[in-house]
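Since the structure comes first, as structure tokens, the remarks are kept for the end.
The values are calculated or read from the model by the stated rules, or taken from the named source; none is laboratory data. Note that the structure is a prediction, hence the values are computed from the model and not measured. Using ideal geometry, Cβ is built from the backbone for each residue, glycine included, and neighbour counts are taken over all protein chains shown. Just so you know, the surface numbers come from the protein's heavy atoms only, side chains and all, with ligands and any DNA or RNA stripped out. Shrake-Rupley method; radii C 1.70, N 1.55, O 1.52, S 1.80 Å.
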Amino acid sequence: MPYFITTPIFYVNAKPHLGHAYSMIAADVIARHMRQRGEKVFFLTGTDEHGEPVALAAEQEGVSPQTLADLNAARFAKLPQQLHITNNFFIRTTDPRHKQRVGEVLQRIYDNGYVYKDVYSGWYCPRCADFKTENELGSEDTCQIHKISLERQEEENWFFRLSAFQDQLEQLYASLPEFIFPRQRYNEARSFLGQGLHDVSLSRKALRWGVEVPWDPQHVFYVWFDALLNYYTALHFASENQDLTGTFWPPDCHLMAKDILKFHAIYWPALLLAADLPLPKRLTVHGYLLMDGEKMSKSLGNVLDPFVIAEHFGVDALRYYLVKDVSFGQDGAVSTTAFEERYERELANEFGNLASRIISMIIRYRDSDVPACQLDEELVEELNPIVDNVMACIDRFELSAALEVIWVGVRRLNRYVEERAPWKLAKDPQLADELDCTLASLVEGLRVLTVVLTPWLPVSSQRLLETLGAPANDLAAAKLRQGTVQSLQPIEPLFPKKI
Ligand code: MSP
């Protein structure tokens, strides 16, 4: 089955921070897991390069918007490589192929009668590139997200007839209670809808940095419409020799943080309806990474650099930490201290040491060969349901809970080592069968847990599975079976001491 998953495309007004990395990592965990299930996945990420956020930042730095976009897009494009993100394509909205498609789709919306000219008069945040209602203002007319003072604007715009879609969106929400995960965000979108939809600006006249409006070249499209369409345009040109739209449209999962819920939950489906295009199946909304109680963001200056953390602790540790420490869907504080603690306790001790111990005992007591004997039935029964439980969690987008489920298995294996104490069994030749069964069960348990863990720990999982001589990592391989690992090799510590 095809499975199309996206992250937001990121503004290139600054370099990436850990918050952006978080969205990519979460999407990658889902994408990798779906591939393990045998789905045909297309995973899209990229950069949002037009509009005021970028134009203003470029002006401040004294460079052209294109120069700033090129510089930061290259940094964003490096992030997936560095973090072992398996995106199939990286879209840039300054790509002429994207711009052409944006013009075509919006022309269709114009031809369908959903566009008219009027004057916009109201509040506008240039950092959000968003028109704010009185309800959305912070104290003293500030942006609640960026904490900057806002000014009222008056400008001739082309408008999108969002209000025409009130009924259709209400029907959509009523018929698809699972349209947005988690439920809280679905309720939020529905209550926004309940306040009644107003038409929104589709173009800007004061700004030049954008996609030109085909029927009125003095205007450029409002950046959000240009940006949202990336999900659709990319499929047309992501593959050199094939238009992927027929295979992958509509998307299975748009992933994002709650800051951009309104655009995806309201504007986006309305835009697609206006263009006669099928709607995405699901939006998945995560919370914010917080530093000192505030959303980590460039404008607040409280950012952690993902490149530096990945360099120091390794990519897997970063991926693991973010998904484990921040309950997926909720906001969560991150800190280097909590990071170090989890690295030490969970990755180095509970998982890394478990792997090293099992491998070295098989090398020591059985000369690297895994005994060919029946596995411990009780352990098999305890560990085998893990794969189904993980799948069920991922189906509900509970990425942190899925990791918990696997970790229960990791802790179980650690206890099993202590209970069976192979070093004692090894002293008594009469207990050789028991030692055989213990070692074979342990290594098979380790293998299965490692397979399921691959989306969270891609680098070390692969290393470990290769050491075990059993590299298959599809989920069909995630059941304990006698004889899968036959002989193994030594391994260097997976998570070496850092401090
Ligand atoms: N360009 C728009 C999105 C257009 S999508 C069609 C935009 N860009 S952004 O650079 O501001 O990125 C916003 C997204 O980055 C969030 O929705 C989230 O996915 C991610 N995050 C940015 N900061 C974050 C945190 N502090 N915590 C979690 N996610 C973060 O909005």
Residue identified as in contact with a Leu (Cβ under 6 Å, 6 or more places away or on another chain), among the hydrophobic types (A, V, I, L, M, F, W, C) and open to solvent by 10 Å² or more (accessible area, probe 1.4 Å) among 425, 475, 435: 425
Search result, residues across the range 143-167 that are outside any strand (DSSP E or B), touching a residue at least 40 places away in the same chain (Cβ under 8 Å), open to solvent by less than 80 Å² (accessible area, probe 1.4 Å) and within 16 Å of residue 125 (Cβ to Cβ): 145, 146, 148
Residues being within 19 Å of the chain's Cα centre (by Cα) and either within 11 Å of the ligand (Cβ to nearest atom) or open to solvent by less than 20 Å² (accessible area, probe 1.4 Å) (or both) - total across the range 236-251: 2
Of the criteria (1) in contact (Cβ under 8 Å) with a residue 40 or more places away in the chain; (2) open to solvent by 10 Å² or more (accessible area, probe 1.4 Å), which one residue 444 fails: (2)
Residue match in the range 304-320 (condition: surrounded by fewer than 20 Cβ atoms within 10 Å (Cβ to Cβ), modelled with pLDDT of 90 or more and either basic (Lys, Arg) or within 15 Å of the ligand (Cβ to nearest atom) (or both)): no
Pairs, first closer than 19 Å to residue 163 by Cα and open to solvent by 20 Å² or more (accessible area, probe 1.4 Å) in the range 113-127, second among the β-branched types (Val, Ile, Thr) and in a strand (DSSP E or B), C-beta under 9 Å, six or more apart: 120/200
Residue list for the range 4-16, filter: buried (at least 21 other Cβ atoms within 10 Å of the Cβ) and more than 6 Å from the ligand (Cβ to nearest atom): 4, 5, 6, 7, 12, 13, 16
Residue within the range 94-106 that is among the acidic types (Asp, Glu), within 23 Å of residue 262 (Cα to Cα) and touching a residue at least 60 places away in the same chain (Cβ under 8 Å) present: no
Check on residue 272, outside any strand (DSSP E or B) and open to solvent by less than 30 Å² (accessible area, probe 1.4 Å): yes
Selection within the range 259-301 - in contact with a strand residue (DSSP E or B) (Cβ under 8 Å, 6 or more places away or on another chain) and more than 15 Å from the ligand (Cβ to nearest atom): 274, 281, 282
Single condition residue 256 does not satisfy, out of (1) assigned to a loop (DSSP other than H, G, I, E, B); (2) open to solvent by less than 30 Å² (accessible area, probe 1.4 Å); (3) within 10 Å of the ligand (Cβ to nearest atom); (4) in contact with a His (Cβ under 8 Å, 6 or more places away or on another chain): (1)
